[in-house]
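The next block holds one structure in the form of structure tokens; read it before the comments.
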Amino acid sequence: MPNRPSSSSDNSAADTFDLQALRDGRPVLWAAAGAKRDTVPAADAGISALDVEATVARWRRFAPLLARLFPELREGEGVIESPLLPVPALQQALGLSPEHGALFVKADHGLPVAGSVKARGGIHEVLEHAEGLALRHGLLAPDGDYRVLAEAPARALFARHQVAVGSTGNLGLAIGVMASALGFKAVVHMSADAKDWKKARLRARGVEVVEHSGDYGEAVAAGRRAAQADPYAHFVDDERSRSLFLGYAAAAPRLAQQLQGAGRRVDAQHPLFVYLPCGVGGAPGGIAWGLAQAFGPHVHCFFAEPTRSPCFLLQMLATTPGYGWLGGNPSVYDVGLDNRTEADGLAVPRASELAAAVAGPLLGGVFTVEDETLFRHLALAKAAEGLQIEPSAAAGFSGPAMLLGTAAGQAWLERRGLRAHLAGATHVAWTTGGLFVPPDEYARFLARGERAVAAAGR
């Protein structure tokens, strides 16, 4: 049976958070104390709403090229987007009462081309880099037809340049697939916990995969060093990249349109709760920041992490009075955790300081989830709604229970004045990967999940 969640309802002092539960690998909720900041000034973040508009415009300019490069995008005219799905059967299976709102899934597990949320940031950065090179070399006019980037002159230019990244898997897939499609030399430095099928998929695309025996942080550091030694290399830095962050943030205006289309209001009487799986923090951080620009005080984002890899929770805890001993950018190893999880995309020891600085002040909280719960929810998603996801993509499904079923969540709702408005709430669990999981690998995931469902029912 899963361990009972622990929680903190007031993070104003060092003795109010159950750090031992965190160290023991038990599910915990860190709920933000004090008033919520609804926006982060552009001067603080180095990013503004105008940057998001520019990112959306860049996606629009590249759509004809993307439709040409990827057959699966032709019907949608080059748009890379996922649906917002009502999931009443899954809501019932998860025990979320209609009295507490309606559950939806933002289905980024099915994003075309890359098959994960990383398509938003990773593909955007490759496109921005390609655009800059082509403009500087006179191969593209600012108002020109971007399909010329698939022609021989542009491909010859790109072939002289390398795009590199360090990854546990999904970001590497997004970067590698897009870079190789444009003709770049693509190199992905992968950590020891990266899945073999993701390495094989990259190599089948002509991407060079460099395997490292260490964790995500070591793979990123090695990739960064190698790229710094090559003047023709562009390193996509998941810990520091502004372009990645904006690619994720651009999801917010599209979600706003989808919520409107689904008839879901977002205002003081109709709060929006969004639950985002979190690794280093770039993807959920960018999305959370974008949502804050779109919905202001009416959106409440919670990050979800594995119990053995809660790097963003530690980063938030380090800003809490009494936890200065954690340092400025703590690692999960610092508190005795081993960073081992089946949720490979979330197996990150240290959070992005950029994501923490920009999105951290906007969060409702961070919660952790055991691996067995990830598999159980993966199986429930399949049985209830036919959703095929990978384990890390199930992390957000624990969000409503952590918010509504713990003392910390209840106290947080009380502080924010939200308890009276739950009936009109919209809950969005953001799924993050799974489209390209091989059938035999998914069958293994599902079997383990079904065993977990059976065990929980006993």
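We did not get these values from a lab; they are worked out from the coordinates using the rules stated. Quick caveat, the model's predicted, so the values are computed rather than measured. Note that each Cβ is placed from the backbone with ideal geometry, even for glycine, and that neighbours are counted across all protein chains shown.
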In the chain, what percentage of the DSSP-assigned beta bridges are antiparallel, given to the nearest 5?
20 percent
If packing is taken as the average count of other Cβ atoms within 10 Å, what order do 79-89, 393-403 fall into, highest mean first?
393-403, 79-89
Sites residue 455 and residue 23, calculated FRET efficiency, Cβ-Cβ separation with R0 30 Å, nearest 0.05:
0.75
How far is the Cα center of region 251-289 from the Cα center of region 65-114, in Å?
13 Å
Please report 358, 165 as a ranked list, fewest other C-beta atoms within 10 angstrom at the top and most at the bottom.
358, 165
For the pair residue 419 and residue 68, how long in nm is the line joining their label points, each one 7 Å along Cα→Cβ?
6.0 nm
Run down the lysines and flag those whose C-alpha is under 18 Å from the C-alpha of residue 118, throwing out any fewer than 8 positions away in its chain.
106, 195, 198, 199
Just want the ordering: 116, 97, 309, from fewest to most Cβ atoms lying within 10 Å of their own Cβ.
97, 309, 116
Using only Cα atoms and rounding to the nearest 10 degrees, what angle (0 to 90) does helix 49-69 make with the longest principal axis of the chain?
60 degrees
Over all pairs of different Cα atoms in region 86-195, the reciprocal of the mean inverse distance gives a Kirkwood radius in Å of 16.2 Å
Out of residues 5 or more away from residue 33 or on other chains, whose amide H comes under 5 Å of its own, with H placed 1.01 Å from N in the peptide plane?
11
Cα long-axis angle, helix 124-136 against the chain (0 to 90 degrees, to the nearest 10):
30 degrees
